[in-house]
Amino acid sequence: MLSWMAWTWQTAAFFIALFAAIGVITFIEIRWPGTSERKGVLRLTTTRGDRLFLGLLGSAYISLAWLGIFGTPLWVPLGLAIAWLIFCFWKV
Amino acid sequence: MKTQNQKAWFFVLPVLLLVAFNALIPMMTVVNYSVQETFGNNVFFWHGVGWFEDLLNSERFHAALGRQILFTTIILLIEIPLGIVIALAMPRKGIWVPVCLVLMALPMLIPWNVVGAMWNIFTLPDIGLLGYLMNTTLGIDYDMTQDPFAAWVTIVTMDVWHWTSLVVLLCYAGLVSIPDAYYQAAKIDGASSWSVFRYIQLPKMKQVLTIAILLRFMDSFNIYTEVFVMTGGGPGNSTTFLSIDLVKIALGQFDLGPAAAMSLIYFAITLLVSWLFYTLMTKDDGK
């Protein structure tokens, strides 16, 4: 049924992780509503969702920039992206 | 502030389903394509991030992206100030209000492909009104199909004609919502017309301007139909924007992998710039 979507296990894992992340922040928001808003180092008022968005978008740019400048493999940008995600949830 | 209940989420569900079918699932398919190679018949081979690497080092992609950024910059620099000026000049009361509003709305009612065809015929040197006027009457050498500069001028003029109205109407909506008391106070204080604009009208228009800039950025950054109908990306590659190049790769060459990778980079750029515009323009709203 879904063969037209040309799934691979790598992309499936990527989307499962993505939707799981959205699921987790949704669950936290339902369980403890309205507790995540704060002003971080960027002087922006962000919620948990904003921080996840920024973290993922930044990770995409880190990977693309590394790929454009140094090429493969992508282990270093993966580490940088994880560090960026942690930074987003911790400080932004 | 504590949220009392979460029932509102159920009202959002139908929209979520709709978005899933018309945006999310196609987007997921594009991600799947971007890491694979296909020779048709729904048979795919794993290619990893190879397409992204090729694309990020491709001169063709850099050139198309450069043209796209240049086009969007020119469009925003012309349409936003022009839209504000026209909105300020429009009458606020009387019989001319509906006349102006209808005149402003007219270009936006015309479908994109019709706009392209109209301007194409309009500018043809032999039969088009503008082309004939420029070449024969004024003696200016103007041929959009041969000269890249003429093609750019024509496309920019076409877009300004088609979409400045949107900025005008949004700004006008912002302007008419300003109560008269503000102007009266400014008059008592002896404020100049510049001060009235800078400290009353511009701040009151800020929110609609945010929307206008966002919409014009996204539309001009994703422009396809008008340019495709008018120039097809030519002469040469001079008006081959990212969107046109993308369709050439995806549908012309049927290279789904590179096209998917290009779409995702295109999407990431649009997303980042839109987020930056929105965040910077609404940053102080909470104060």
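Suppose every Lys and Arg Cβ carries +1 and every Asp and Glu Cβ carries -1, with no other charges. What dipole size does chain A come out with about its Cα centre, to the nearest 20 debye?
Charge dipole of chain A: 300 debye, to the nearest 20.
Along the positive direction of the dipole of chain A (beta-carbon charges: Lys, Arg +1; Asp, Glu -1; about the Cα centre), which of A:44, A:55, A:20 reaches farthest?
A:44
Cα-Cα over 31 Å: which of B:93/B:283; A:39/B:204; B:248/B:283; B:93/B:206?
The pairs that break the limit, which is 31 Å between Cα atoms, are B:93/B:283; B:248/B:283.
Counting helices only, and only those DSSP H runs with n ≥ 4, report the 222 nm mean residue ellipticity of chain B as the sum of -39,500 (n - 2.57) divided by its residues, in deg cm²/dmol to the nearest 500.
Calculated at 222 nm, the ellipticity per residue is -21500 deg cm²/dmol.
Using the charge dipole of region B:1-101 (Lys, Arg: +1 at Cβ; Asp, Glu: -1 at Cβ; taken about the Cα centre), state which of B:88, B:65, B:29 has its Cα farthest towards the positive end.
Of the options given, the answer is B:88.
Helices from chain B with mean Kyte-Doolittle at least -0.5 and a Cα length along the axis of 24 Å or more, per DSSP H: which?
B:59-89, B:148-176, B:202-221, B:256-282
Where in region B:207-287 are there chymotrypsin sites (Phe, Trp or Tyr not before Pro) that are in a DSSP coil and have at most 14 other Cβ atoms within 10 angstrom of their Cβ?
For chymotrypsin sites (Phe, Trp or Tyr not before Pro) across region B:207-287 that sit outside H, G, I, E and B with at most 14 neighbouring Cβ atoms in 10 Å, the list reads B:254.
First measure r as the distance between the Cβ atoms of residue A:19 and residue B:157, then evaluate 1/(1 + (r/R0)^6) with R0 = 51 Å and state the FRET efficiency to the nearest 0.05.
The calculated FRET efficiency here is 0.65.
Report, to the nearest 10°, how far helix A:9-31 tilts away from the longest principal axis of the Cα atoms in chain A, using its own Cα long axis and a range of 0 to 90°.
For helix A:9-31, the angle is close to 10 degrees.
Within region B:198-230, name every residue whose backbone N is under 19 Å away from a label modeled 7 Å from Cα of residue B:188 along the Cβ vector.
B:199-201
Principal axes first, then extents: for the Cα atoms of the protein assembly as shown, list largest minus smallest coordinate on each axis, whole Å, largest first.
If we take the Cα atoms of the protein assembly as shown, the spans are 63, 58, 39 Å.
Name the residue farthest towards the positive end of the dipole of region B:58-285 from the options B:196, B:225, B:242, assuming +1 on Cβ of Lys and Arg, -1 on Cβ of Asp and Glu, about the Cα centre.
Farthest along the dipole direction, towards plus: B:196.
Taking every eigenvalue of the Cα gyration tensor of region B:58-285, multiplying by 5 and rooting it, what semi-axes result, largest first, whole Å?
36, 24, 14
When the helix-only estimate is applied to chain A (DSSP H runs of n ≥ 4, each -39,500 (n - 2.57), divided by the residue count), what is the mean residue ellipticity at 222 nm, nearest 500 deg cm²/dmol?
-23500 deg cm²/dmol
Charges at C-beta only: +1 for Lys and Arg, -1 for Asp and Glu. How large is the resulting dipole of region B:58-285 about its Cα centre, in Debye rounded to 20?
Rounded to the nearest 20 debye, it is 720 debye.
So what is the relative contact order of chain A, in percent, for Cα pairs below 8 Å that sit 6 or more residues apart?
27 percent
Relative contact order of chain B: what whole-number percent is it, with Cα pairs under 8 angstrom and at least 6 residues apart?
Dividing the mean separation by the residue count of chain B yields 27 percent.
Every read-out reported here was derived from the displayed coordinates using simple, explicitly stated rules and does not represent laboratory data. Keep in mind the model is a prediction, meaning the values are calculated, not measured. Note that we place each Cβ from the backbone using ideal geometry, even for glycine, and neighbour counts take in every protein chain shown.
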